[in-house]
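Since the structure comes first, as structure tokens, the remarks are kept for the end.
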Amino acid sequence: MTAFVYRCTDCRREYARDEVRYLCPTCGAAYRPGIPLVGVLEAVFDAEHQRAKFDRSRPDWSLFSAVDPVHYPPLMVGHTPLVPAKRLGETLGLPALFIKNDGQNPSGSLKDRASFLVTAEAKRLGEAQVVCASTGNAASALATVCASAGVQALIFVPEKAPRAKLVQMVLAGARVIPVKGTYDDAFKLSLEFTAKRGGLNRNTAYHPLTIEGKKTVSLELFEQLGLRAPDAVFVSAGDGVILAGLHKGFVDLQRAGLIDTLPRLFAIQAEKSDAIHRYVETGTYSDAPNPSTIADSISVSCPSNSHWARRAILETKGRTLTVTDSEILDAQAQLTAGSGVFTEPAGATAYAGLLKVQAGPGALPRDAQVVVLATGHGLKDVDAPLSRVKIPAAIEPTLDAVGETAEAITR
């Protein structure tokens with residue numbers, strides 16, 4: 001662990017580590033549920049110390065951690081596969097295409113990374129309960145990590161959260177409270193709960209260590225690509241915190257002198273859940289009025305980390321795009337058949353964005369090294385692809401029947 005201070009991303013005031021817990025006391029006073037977070041804190045490390053201590057032959061990633069490893073939960077999170085997608089890459093004119101399969105995390109999603117670090121912080125602080133609001137993945141992640149660490153998870157979810165995710169968190173021993181309404185309603189209630197009844201709030205961006213946890217995917221990409229950054233990373237965007245985590249990880253590497261330039265970040269949103277996209281395009285923020293999408297993990301009316309998300313795109317000279325639900329399901333099928341990586345619709349959204357970029361005038365050059373971040377396992381939401389998949393009918397147990405079936409498939 002390297003010493004750090006918290007810096008407000010709005011007013012730039014700095015605070016000692018235990019002087020603050022959530023938002024900047026000055027800027028955060030203006031925050032109210034229903035608007036993007038203001039006063040989000042960034043952990044700023046001693047970059048000179050990191051530079052001096054980092055050994056390229058034996059990288060010590062605790063130099064970039066905001067919590068001492070002694071507090072880490074026992075469940076191993078991260079270190080997920082980086083899959084070369086040569087077949088897909090050749091069809092897109094990108095032979096150096098990779099899929100970062102974060103569906104291989106313990107609960108099946110990238111959000112384990114944030115829950116891991118916030119749970120470690122709860123252990124450091126002696127907090128017995130961690131609270132969050134979630135559409136499903138963050139809740140499953142928190143329940144799973146807390147179960148391994150012996151910490152109570154209290155989770156507010158929208159009542160329409162996918163069943164597979166609800167089962168996972170209930171079996172892990174979390175206290176699950178379905179809320180009539182949207183993710184935004186659950187988010188508001190969770191803030192009221194911790195303000196009045198205590199516990200450590202894990203809500204994305206509201207607790208700055210959620211961003212620190214998610215940045216570890218950037219550090220892993222750097223290591224897996226031979227201690228270099230990719231040219232571009234495609235990621236789906238809902239509340240904007242995974243995008244901010246990607247950005248923060250590469251910024252930390254740059255501050256420590258380990259990379260010269262930041263990779264271009266491409267944030268892909270569902271067509272109806274497009275608040276970040278419109279904010280980047282116009283410079284003016286407004287909610288997504290009806291954020292309905294088959295990609296439930298990125299269905300958000302008011303993205304909590306909109307301001308940092310926009311900054312990440314602008315600073316990396318990246319882009320935002322939107323895709324339809326039909327394009328998401330097409331991308332999910334192509335990605336699974338072409339690489340073997342089965343990711344949920346929210347994860348496939350990133351690949352749908354790459355397909356759109358490569359089909360247009362701004363296509364990436366053939367020599368670009370490109371990563372698609374698959375954020376969650378496809379088994380978390382099988383109802384969505386089932387709308388496109390026809391399950392074969394049972395046959396008689398004879399070779400003749402097998403032959404007839406095979407002929408029907410090939411026709």
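Rundown of residues vs (1) in the same structural domain as ILE328 (by TED's automatic domain parsing); (2) surrounded by 19 or more Cβ atoms within 10 Å (Cβ to Cβ), yes/no style:
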site	(1), (2)
ARG163	no, no
VAL167	no, no
GLY173	no, no
GLY181	no, no
ALA186	no, yes
LEU200	no, yes
ARG228	yes, no
HIS247	yes, yes
**Request:** Only residues that are touching a strand residue (DSSP E or B) at 6+ places or on another chain (Cβ under 9 Å) and surrounded by 24 or more Cβ atoms within 10 Å (Cβ to Cβ): list them for segment 108-121, please.
**Result:** GLY108, SER109, LEU110, LYS111, ALA114, SER115, VAL118, THR119
**Complete:** Selection over segment 357-389 where residues are assigned to a helix (DSSP H, G or I) and either of a type in the set (S, T, N, Q) or crowded, with 17+ Cβ neighbours inside 10 Å (or both) yields a count of 6
**Asked** Does any residue of segment 35-55 turn out to be basic (Lys, Arg) and touching a helix residue (DSSP H, G or I) at 6+ places or on another chain (Cβ under 9 Å)?
**Response** yes
**Prompt:** So which residues in segment 269-293 are in contact (Cβ under 8 Å) with a residue 12 or more places away in the chain, in a helix (DSSP H, G or I) and farther than 19 Å from VAL241 by Cα?
**Reply:** none
**Prompt:** Considering only residues of segment 202-226 that are part of a loop (DSSP other than H, G, I, E, B) and aliphatic (A, V, I, L, M), which is surrounded by the fewest Cβ atoms within 10 Å (Cβ to Cβ)?
**Reply:** LEU225
**Asked** When segment 110-143 is examined, which residues are found to be under 14 Å from the mean Cα position of the chain (by Cα) and of a type in the set (S, T, N, Q)?
**Response** SER115, SER134, THR135, ASN137, SER140
**Request:** Quick one: VAL235 ticks every box in (1) crowded, with 24+ Cβ neighbours inside 10 Å; (2) assigned to a helix (DSSP H, G or I) except a single one, so which number is it?
**Result:** (2)
**Message:** For segment 254-261, check the following and say yes or no: at least one residue is crowded, with 24+ Cβ neighbours inside 10 Å and either without any contact (Cβ under 8 Å) to a residue 60 or more places away in the chain or of a type in the set (Ser, Thr, Tyr) (or both).
**Reply:** no
**Message:** Looking at SER236 and the list (1) modelled with pLDDT of 95 or more; (2) within 19 Å of PHE187 (Cα to Cα); (3) among the hydroxyl-bearing types (Ser, Thr, Tyr), which single condition is not satisfied?
**Reply:** (2)
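The values are calculated or read from the model by the stated rules, or taken from the named source; none is laboratory data. Treat the numbers as computed from the prediction; the structure is a model and nothing was measured. Don't worry about glycine lacking a Cβ; one is built from the backbone with ideal geometry, like all the others, and counts go over all protein chains shown.
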